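To keep things clear, I will list the structure first and then write my remarks on it.
The values are calculated or read from the model by the stated rules, or taken from the named source; none is laboratory data. Everything quoted here is computed from the prediction, not taken from an experiment. Counting neighbours? That spans all protein chains shown, and the Cβs are built from the backbone with ideal geometry, glycine included. Accessible surface areas use protein heavy atoms only, side chains included; no ligands, DNA or RNA. Shrake-Rupley method; radii C 1.70, N 1.55, O 1.52, S 1.80 Å.
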Amino acid sequence: MLVKTYSAAVNGLEVTTVTVEVNITRGILFHLTGLADTAVRESKDRIVAAMSNTGFKFPVADITINLAPADIKKEGSSYDLPLAIGILAADSKVQSEHLNEYMLVGELGLDGRLQPIRGALPIAIRARAEHYKGLIVPKQNIREAAVVNNLNVYGMESLWDVVQFFNGQQQFEPTIIDTRREFYEHQNHFDLDFADVRGQENVKRALEVAAAGGHNLIMVGPPGSGKSMMAKRLPSILPPLSLAESLETTQIHSIAGKLSRDTSLISQRPFRSPHHTISQVALVGGGTNPQPGEISLAHNGVLFADELPEFNKSTLEVLRQPLEDRKITISRAKYTIEYPCSFMFVASMNPCPCGYYGDSTHQCVCTPGQIQRYMNKISGPLLDRIDIQCEIQAVPFAQLSQMQPGEPSSAIRERVIKARKIQEVRFKDSKGIHCNAQMTERMLHQFAEPDAASMDMLRMAMERLKLSARAYSRILKVARTIADLAGSENVLSMHIAEAIGYRNLDRGDWAERGM
């Protein structure tokens with residue numbers, strides 16, 4: 001007897017419907033075809049035990065199973081459930097008349113209980129696109145799958161429940177989630193707030209400019225000056241996620257298995273802070289079983305690199321192309337996968353090996369040559385992609401104990417949102433351009449062309465401060481954002497002057513001067 005059940009294969013963000021064909025004839029052999037990996041081939045042992053502990057007997061017969069299309073690799077344990085239901089249906093233990101209306105995914109425990117799987121959300125989206133009546137997932141995945149409307153999503157606890165469902169012996173209700181209500185309810189709840197940061201007004205201003213224009217930023221300062229503290233609060237001043245951005249971000253985290261059980265949609269921009277020992281594969285994605293890397297998990301959010309020079313230089317260099325293209329294509333012998341990775345890159349570092357160059361409270365013991373070699377750990381092309389370079393000093397205790405709480409994130413966020421709305425109108429006809437940091441050279445001449453006085457100031461600053469040529473367009477982009485924050489239609493000299501102050505590391509005498 002031939003029976004078909006339906007599941008799905010996740011390849012990057014692409015999902016392919018998989019038809020599980022089960023045929024039972026007289027004999028004793030078990031055949032599994034369709035380019036299955038080790039986890040799928042091992043499913044027979046799990047299925048045999050799950051059936052036994054659920055009250056069913058694994059059929060003694062010649063069982064042939066094909067996972068179609070057979071030229072796409074099938075990975076993971078999510079095929080356990082459709083395989084088990086297909087075998088039971090072919091053995092006349094499960095009614096097969098409604099199997100073609102549902103997509104099934106789930107890993108089986110030896111006791112017959114369903115275990116969570118990765119990628120439930122993109123699979124649900126595919127099931128709806130293919131016009132399936134419903135999707136059956138493990139109960140732990142129900143909240144992320146149920147955000148897809150116009151699809152009946154059932155969260156099951158065990159193989160027994162699924163058998164009862166198809167045999168019509170027990171009624172189950174689909175899970176319904178008010179996606180929009182839950183999404184908007186959690187958008188403005190942050191554990192960290194800029195009100196906790198006392199002092200450092202110039203750095204908070206730089207972070208506000210970075211958030212308003214989507215600019216990459218690096219903070220340079222001694223240990224204990226608050227670099228990491230302020231970076232972790234950056235998501236609280238970024239514009240809220242749109243529903244489309246949230247869905248795309250949630251899909252990536254679902255594929256990587258990073259969603260918690262009580263999460264339906266990610267409502268806040270992600271903040272990823274990998275350790276400096278991270279490998280290239282963990283950073284950009286890939287591997288034997290391809291998974292999204294940290295840059296994709298930071299999509300629509302922030303990627304924070306603390307102690308930037310401590311990262312392996314070759315690891316940092318792989319960031320260059322994703323920072324420009326905002327997507328990463330991973331090509332290997334057996335697969336090619338593309339992940340989105342549109343993120344703000346924020347980094348922090350000490351100014352020298354000892355950490356106290358320019359610090360008023362500690363004596364630096366590094367020579368200019370040592371400082372320069374330390375800075376050279378960050379390549380020019382990578383530094384070229386960082387628009388704002390901000391120096392930071394530690395706040396003395398005498399001032400720290402007297403200061404009032406800082407401006408709350410909510411107030412800063414309002415200004416950032418207002419500036420972003422101006423940019424939305426500006427780039428409404430430009431595909432793929434959403435903020436000032438993404439402007440092309442042609443757009444710079446169109447939207448950020450300074451007047452004659454501002455151009456003279458910029459020319460003088462580049463000559464006097466020995467700014468590199470690559471600083472020119474970065475200054476104009478940042479100046480355009482500063483003008484947006486001020487509500488100015490044109491880029492004025494005061495905006496250029498502030499933007500010039502954010503290019504400290506481009507100064508030719510940086511390692512020879514005092515901060």
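Tally the residues that are farther than 30 Å from Pro82 by Cβ and not in a helix (DSSP H, G or I), restricting the search to the stretch 166-199.
11
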- Task: Please work out if Val105 is under 25 Å from Leu247 (Cβ atoms) and either in contact with a helix residue (DSSP H, G or I) (Cβ under 7 Å, 6 or more places away or on another chain) or at pLDDT 90 or above (or both).
- Result: yes
- The number of residues in the stretch 264-276 that are more than 12 Å from the chain's Cα centre (by Cα), surrounded by fewer than 17 Cβ atoms within 10 Å (Cβ to Cβ) and touching a residue at least 12 places away in the same chain (Cβ under 8 Å) is 1
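Condition check ((1) open to solvent by less than 10 Å² (accessible area, probe 1.4 Å); (2) more than 30 Å from Ala333 (Cβ to Cβ)) across all residues:
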{"position": "Gly55", "(1), (2)": "no, yes"}
{"position": "Pro59", "(1), (2)": "no, yes"}
{"position": "Ala70", "(1), (2)": "no, no"}
{"position": "Ser92", "(1), (2)": "no, yes"}
{"position": "Tyr102", "(1), (2)": "no, yes"}
{"position": "Val105", "(1), (2)": "yes, no"}
{"position": "Asp111", "(1), (2)": "no, yes"}
- Selection count, the stretch 72-89, where residues are aliphatic (A, V, I, L, M) and either open to solvent by 10 Å² or more (accessible area, probe 1.4 Å) or touching a His at 6+ places or on another chain (Cβ under 7 Å) (or both): 1
- Looking at the stretch 393-413, which of its residues are surrounded by 11 or more Cβ atoms within 10 Å (Cβ to Cβ) and either at pLDDT below 90 or over 24 Å from the mean Cα position of the chain (by Cα) (or both)? Gln393, Ala394, Val395, Pro396, Leu400, Met403, Pro405, Gly406, Glu407, Pro408, Ala411
- For the stretch 226-254 the number of residues that are open to solvent by 10 Å² or more (accessible area, probe 1.4 Å) and over 21 Å from Gln187 (Cβ atoms) is 4
- Which one is nearest to Ile422 (Cα to Cα), of the residues in the stretch 450-496 that are open to solvent by 50 Å² or more (accessible area, probe 1.4 Å), small (Gly, Ala, Ser) and in contact with a helix residue (DSSP H, G or I) (Cβ under 9 Å, 6 or more places away or on another chain)? Gly487
- Here the residues within the stretch 166-184 that are of a type in the set (Phe, Trp, Tyr) and open to solvent by less than 30 Å² (accessible area, probe 1.4 Å) are Phe166, Phe183
- Item | All positions within the stretch 108-131 that are charged (D, E, K, R) and at pLDDT 95 or above | Asp111, Arg113, Arg126, Arg128, Glu130
- Hits in the stretch 169-183 (condition: in contact with a Ser or Thr (Cβ under 8 Å, 6 or more places away or on another chain) and not hydroxyl-bearing (Ser, Thr, Tyr)): Ile177, Glu182, Phe183
- Query: Taking the stretch 332-383 as the region of interest, how many residues are farther than 24 Å from Gly213 by Cα and either open to solvent by less than 80 Å² (accessible area, probe 1.4 Å) or outside any loop (DSSP other than H, G, I, E, B) (or both)?
  - Reply: 25
- Query: Would it be correct to say that Arg261 is basic (Lys, Arg), surrounded by fewer than 23 Cβ atoms within 10 Å (Cβ to Cβ) and in contact with a helix residue (DSSP H, G or I) (Cβ under 6 Å, 6 or more places away or on another chain)?
  - Reply: yes
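If a residue has to be among the aliphatic types (A, V, I, L, M), open to solvent by less than 10 Å² (accessible area, probe 1.4 Å) and in contact (Cβ under 8 Å) with a residue 60 or more places away in the chain to count, how many in the stretch 306-331 make the cut? Walk me through it before giving the result.
To start, the set of residues in the stretch 306-331 that are among the aliphatic types (A, V, I, L, M) comprises 308, 316, 318-319, 323, 328, 330.
Adding the requirement that they be open to solvent by less than 10 Å² (accessible area, probe 1.4 Å) leaves 308, 316, 319, 330.
Now restrict to residues that are in contact (Cβ under 8 Å) with a residue 60 or more places away in the chain: 308, 316, 319.
Selection size over the stretch 306-331: 3.
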- Item | Hits in the stretch 16-53 (condition: polar (S, T, N, Q), under 17 Å from Val105 (Cα atoms) and surrounded by 15 or more Cβ atoms within 10 Å (Cβ to Cβ)) | Thr17, Thr19, Ser43
- Would you please list the contacts, defined by Cβ atoms under 6 Å and residues six or more apart or on different chains, that run from a residue in the stretch 1-18 that is more than 30 Å from His299 (Cα to Cα) to a residue that is acidic (Asp, Glu)? Lys4/Glu21
- Item | Matching residues in the stretch 1-15 - criterion: being open to solvent by 50 Å² or more (accessible area, probe 1.4 Å) and under 17 Å from Glu97 (Cα atoms) | Met1, Leu2, Lys4
- Matching residues, the stretch 283-305, being surrounded by 19 or more Cβ atoms within 10 Å (Cβ to Cβ) and either farther than 30 Å from Ser77 by Cβ or of a type in the set (S, T, N, Q) (or both): Gln291, Ser296, Asn300, Val302, Leu303, Phe304, Ala305
- Item | Residue check, Lys139 of a type in the set (Lys, Arg), under 16 Å from Lys4 (Cα atoms) and surrounded by fewer than 24 Cβ atoms within 10 Å (Cβ to Cβ) | no
- Message: I'd like the full set of residues that are in contact (Cβ under 8 Å) with a residue 24 or more places away in the chain, of a type outside the set (Phe, Trp, Tyr), open to solvent by 20 Å² or more (accessible area, probe 1.4 Å) and not in a loop (DSSP other than H, G, I, E, B), limited to the stretch 147-160.
- Response: Ser158
